[in-house]
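Contents: one structure, followed by commentary.
The values are calculated or read from the model by the stated rules, or taken from the named source; none is laboratory data. Keep in mind it's a predicted model, so treat the numbers as computed, not measured. FYI the Cβ positions are ideal-geometry reconstructions off the backbone, even for glycines, and counts take in every protein chain you see. Please note that ligands, DNA and RNA were not included when accessible areas were found on the heavy atoms of the full protein model with its side chains. Shrake-Rupley method; radii C 1.70, N 1.55, O 1.52, S 1.80 Å.
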Amino acid sequence: MKPYKIGLVLGGGGTRGFAHLGIIKALAEKGIKPDIISGASAGSIAGSLIADGKSPDEALEIIGKKSFFKNTRIRFPKDGFFSFDGLIQELNNIYSVKRMEDLLIPLYVAITNLNSGKVEYHREGKLTDFVIASSSIPILFKPIVLNGQMYVDGGLIDNLPVKPIEHICEKIIAVNIMPIVEKSTFKGMKQIITRTLDLTVNCKTQEAKKRTDFFIEPPLLRHYPIFSTKKAKEIFEIGYNYTKELDIKF
């Protein structure tokens, strides 16, 4: 028998990550709660709050009331345009524990090691360090240095980190918040950057999907930008309503 019944994998996707919280709320109403969580980027933020014992509604209130860049500091691009210095302090104040191994629900966080060029999965260590590292989108944000190595967004290599939990869970539910659809035109550099990120992080999504028991991908999320919290509640509701209608039985 495997040690965990239900594993939940949460993919990256910027502020579309609010959908993760709505999805988790709908799953809970169906009697489905994760015994272990694996997350990358936005999925690591949402997953860490749930693993820390926050309800989906509480987590939405915590991270949805502030603009995405409010807790960042603009810097000239020697290593990134923005720094997460302010957000690090914010998360330190929010979490009830300091280390990942003390979370109520076990959590794996995917981070990309720039030095080795490989993805790493961690479930021990300083919680804030790994969540911020996993969320540091390359070029836009300053890499995080841990033990002399430089780390960026885990989604760069593995945006749907099934790997660390696939052999220890009886069932795996994965959530992708970066659905890919055909686009005929692009209005400005912002949309081109967003599209580039969409394509980059989805390289391995279909492969990861095959290793899950249930795959959740709300199609309406494609209409929402990944760098704005203006519609946080709306994105939350999209995840909630979509999952509420799914027939999931474990």
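Looking only at the range 1-37, count how many residues are touching a helix residue (DSSP H, G or I) at 6+ places or on another chain (Cβ under 7 Å), within 21 Å of Ile168 (Cα to Cα) and open to solvent by less than 10 Å² (accessible area, probe 1.4 Å).
Total meeting the criteria: 4.
Any residue at all in the range 13-22 that's modelled with pLDDT of 95 or more, closer than 24 Å to Val119 by Cβ and touching a Ser or Thr at 6+ places or on another chain (Cβ under 7 Å)?
no
Name the single residue that is surrounded by the most Cβ atoms within 10 Å (Cβ to Cβ) among those in the range 120-167 being of a type in the set (A, V, I, L, M, F, W, C), in contact with a helix residue (DSSP H, G or I) (Cβ under 6 Å, 6 or more places away or on another chain) and more than 20 Å from Leu91 (Cβ to Cβ).
The qualifying residue surrounded by the most Cβ atoms within 10 Å (Cβ to Cβ) is Leu160.
Answer yes or no as to whether Ser55 is modelled with pLDDT of 95 or more, within 24 Å of Tyr121 (Cα to Cα) and among the small types (Gly, Ala, Ser). Outline the logic, then answer.
Details: modelled with pLDDT of 95 or more: yes; within 24 Å of Tyr121 (Cα to Cα): no; among the small types (Gly, Ala, Ser): yes.
Against the criterion (modelled with pLDDT of 95 or more, within 24 Å of Tyr121 (Cα to Cα) and among the small types (Gly, Ala, Ser)), Ser55 does not qualify.
When residues of the range 168-188 are filtered for being open to solvent by 50 Å² or more (accessible area, probe 1.4 Å) and at pLDDT 75 or above, how many remain?
Going residue by residue through the range 168-188, those that are open to solvent by 50 Å² or more (accessible area, probe 1.4 Å) are 170-171, 180-187.
Filter again for at pLDDT 75 or above, leaving 170-171.
Selection size over the range 168-188: 2.
Quick one: how many residues across the range 208-250 are in contact with a strand residue (DSSP E or B) (Cβ under 7 Å, 6 or more places away or on another chain), assigned to a helix (DSSP H, G or I) and modelled with pLDDT of 95 or more?
1
Residues in the range 189-205: is at least one open to solvent by 60 Å² or more (accessible area, probe 1.4 Å), at pLDDT 90 or above, within 26 Å of Lys118 (Cβ to Cβ) and under 18 Å from the mean Cα position of the chain (by Cα)?
No; the residues of the range 189-205 include none that is open to solvent by 60 Å² or more (accessible area, probe 1.4 Å), at pLDDT 90 or above, within 26 Å of Lys118 (Cβ to Cβ) and under 18 Å from the mean Cα position of the chain (by Cα).
Go through (1) at pLDDT below 90; (2) under 18 Å from the mean Cα position of the chain (by Cα); (3) among the polar types (S, T, N, Q) and name the single condition Ser83 misses.
(2)
What are the pairs with Cβ atoms under 7 angstrom where one residue, in the range 204-227, is under 22 Å from Ile32 (Cβ atoms) and the other, located anywhere, is buried (at least 20 other Cβ atoms within 10 Å of the Cβ) and among the charged types (D, E, K, R)? Sequence gap at least six, or different chains.
Listed pairs, sorted by first residue: Leu221/Arg16.
All but one of (1) closer than 17 Å to Leu104 by Cβ; (2) at pLDDT below 95; (3) out of contact with any helix residue (DSSP H, G or I) (no Cβ under 8 Å at 6 or more places or on another chain); (4) among the aliphatic types (A, V, I, L, M) hold for Ile94, so report the exception by its number.
(3)
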